[in-house]
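K.L.:
One structure, pasted below without further comment.
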Amino acid sequence: MNLPPRQQQILELVRDRGYVSIEEMAQSFVVTPQTIRRDINQLAEMNLLRRYHGGAAYDSSIENTAYAMRADQMRDEKQRIAEAIAAQIPDHASLFINIGTTTESIARALLNHNHLKIITNNLHVASILSGKDDFEVLLAGGNVRRDGGVVGQASVDFITQFKVDFALVGISGIDEDGSLLDFDYQEVRVSQAIIANARQVILAADSSKFGRNAMVRLGPITLIDCLVTDQPPVPALAQLLTQNKIRLEVV
């Protein structure tokens, strides 16, 4: 495919880095942010990359964006989602919290709560919450990934020993048919155990997750009780939520 030189360079940069902000690209190519947005829109229309608020990412169904890049994406949206979910959690509750940068934002938003018991397979979540004297934090054992996630059969076995009030879960992608998608089969196995052993499941997913490709299917969206996001989902997904009486909270 013959692309204009700048668009070709943008595509190569995003593929190499995983995610690049509009501001960084504008400085790199010495053009205005509006020019970069037009380039990104054209590349996204050709399905060569994926638009995000404030930047662009390489869209792959088999490989997730690097952790540092994910942590920098949709920061404001993740914060609003985190605060909305934290507001639903009472003091003295028991929680599962899984892997993800959004769930790490939720952990920070929970620090004003009292007497929570948290079970997690996320090293970052454990680190955030373990400093609170009246919190009890249990960390699942298993294989530790470079992004701080803990996965494997040991994690699954540990999770299945509990039955908690709430599961606060993140996901990499949500298909229009309601499939919850992720990249790591081992991570999905742990998330499935988390969902199966919680009385109420709250899914935290910013709008960049709608329609995002990932090759491992966690299950149908009917597994959850509530979706908290920053933008209304596409009509097909919204209808599915309504039909299955899944609460939708847009923040």
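The values are calculated or read from the model by the stated rules, or taken from the named source; none is laboratory data. The shown structure was predicted, so the numbers you read here are calculated from the model rather than taken from an experiment. So basically every Cβ, Gly included, is an ideal-geometry build from the backbone, and we count neighbours across all protein chains shown.
K.L.:
I'd like the full set of residues that are of a type in the set (Lys, Arg) and at pLDDT 95 or above, limited to the range 197-251.
P.N.:
From the range 197-251, those of a type in the set (Lys, Arg) are 199, 209, 212, 217, 245, 247; that's our starting set.
Residues satisfying the conditions are Arg199, Arg217, Lys245, Arg247.
K.L.:
Return the residues of the range 197-206 that are closer than 14 Å to Leu241 by Cβ and either outside any loop (DSSP other than H, G, I, E, B) or not assigned by TED's automatic domain parsing to the domain that holds Ile159 (or both); say none if nothing qualifies. Let's see the steps before the verdict.
P.N.:
Kept after step one, since they are closer than 14 Å to Leu241 by Cβ, are these residues of the range 197-206: 201-203, 205.
Within the range 197-206, Val201, Ile202, Leu203 qualify.
K.L.:
If Ala196 satisfies all but one of (1) in contact with a Lys or Arg (Cβ under 8 Å, 6 or more places away or on another chain); (2) aliphatic (A, V, I, L, M); (3) surrounded by fewer than 18 Cβ atoms within 10 Å (Cβ to Cβ), what's the number of the condition it fails?
P.N.:
(1)
K.L.:
Among (1) assigned to a strand (DSSP E or B); (2) crowded, with 23+ Cβ neighbours inside 10 Å; (3) touching a Leu at 6+ places or on another chain (Cβ under 6 Å), where does Ala107 come up short?
P.N.:
(1)
K.L.:
Oh, and also: Report every pair of residues separated by at least 6 positions or lying on different chains whose Cβ atoms are under 9 Å apart, first residue within the range 173-193 and more than 10 Å from Ser155 (Cβ to Cβ) and assigned by TED's automatic domain parsing to the domain that holds Thr160, second of a type in the set (Lys, Arg) and part of a loop (DSSP other than H, G, I, E, B).
P.N.:
Between residues of the range 173-193 that are more than 10 Å from Ser155 (Cβ to Cβ) and assigned by TED's automatic domain parsing to the domain that holds Thr160 and residues that are of a type in the set (Lys, Arg) and part of a loop (DSSP other than H, G, I, E, B), the close pairs are Gly173/Arg212; Ile174/Arg212; Asp175/Arg212; Leu181/Arg212; Asp184/Arg145.
K.L.:
Right, here's the next one. Counting just the residues of the range 1-15 that are at pLDDT 90 or above and in a helix (DSSP H, G or I), which one comes out surrounded by the fewest Cβ atoms within 10 Å (Cβ to Cβ)? Write out each step before concluding.
P.N.:
Restricting attention to the range 1-15, the residues satisfying the condition of being at pLDDT 90 or above are 3-11.
After this cut, where a residue has to be in a helix (DSSP H, G or I) as well, the list is 5-11.
On the way: Pro5: 8, Arg6: 14, Gln7: 18, Gln8: 14, Gln9: 15, Ile10: 24, Leu11: 20.
Checked the range 1-15; the qualifying residue surrounded by the fewest Cβ atoms within 10 Å (Cβ to Cβ) is Pro5.
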